[in-house]
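Worksheet for the structure shown next.
The values are calculated or read from the model by the stated rules, or taken from the named source; none is laboratory data. Just so it is clear, the structure is predicted and the values come from calculations on it, not from any experiment. Cβ placement follows ideal geometry from the backbone for every residue including glycine, while neighbour counts extend to all protein chains displayed.
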């Protein structure tokens with residue numbers, strides 16, 4: 001199961017979605033601007049975050065070992081947390097609920113483990 005989710009997370013479209021998240025979402029206005037200027041990029045970020053949420057679900061349900069996930073994906077989850085929260089807030093504001101509770105829990109744990117400040 002771990003290898004399957006790992007392979008999904010390293011697929012080119014998911015990698016690109018994470019890269020776009022890190023490079024394009026730095027302020028509360030960025031998601032709206034990106035949706036207007038490049039909806040495909042916006043969708044790629046959405047897909048990457050949805051995949052992170054599936055990863056969090058697999059950890060929660062103990063389908064994959066949390067220590068393996070943190071070893072392989074912890075720093076990326078920590079780095080994704082702040083821009084992801086901005087992205088999720090934008091989706092909520094436009095009426096698209098994006099709770100992604102599993103990602104939220106896992107990325108918070110990763111942030112604490114990797115000491116990523118909320119406002120960086």
Sole miss for residue 27 among (1) at pLDDT 95 or above; (2) over 19 Å from residue 8 (Cα atoms); (3) in contact with a helix residue (DSSP H, G or I) (Cβ under 8 Å, 6 or more places away or on another chain); (4) surrounded by 12 or more Cβ atoms within 10 Å (Cβ to Cβ) is condition (4)
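Right, residue 87: assigned to a helix (DSSP H, G or I), farther than 16 Å from residue 13 by Cβ and within 9 Å of the chain's Cα centre (by Cα) or not?
Numbers: assigned to a helix (DSSP H, G or I): yes; farther than 16 Å from residue 13 by Cβ: yes; within 9 Å of the chain's Cα centre (by Cα): no.
So residue 87 does not fit the description; no.
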Within the range 1-23, the count of residues that are touching a residue at least 40 places away in the same chain (Cβ under 8 Å) and in a helix (DSSP H, G or I) comes to 8
Going residue by residue through the range 45-62, is there one that turns out to be at pLDDT 95 or above, over 17 Å from residue 101 (Cα atoms) and part of a helix (DSSP H, G or I)? no
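Just to check your reading of the model, which residue among 35, 49 is surrounded by 15 or more Cβ atoms within 10 Å (Cβ to Cβ) and under 13 Å from residue 83 (Cα atoms)?
On the way: 35 fails: under 13 Å from residue 83 (Cα atoms).
Only one candidate qualifies: 49.
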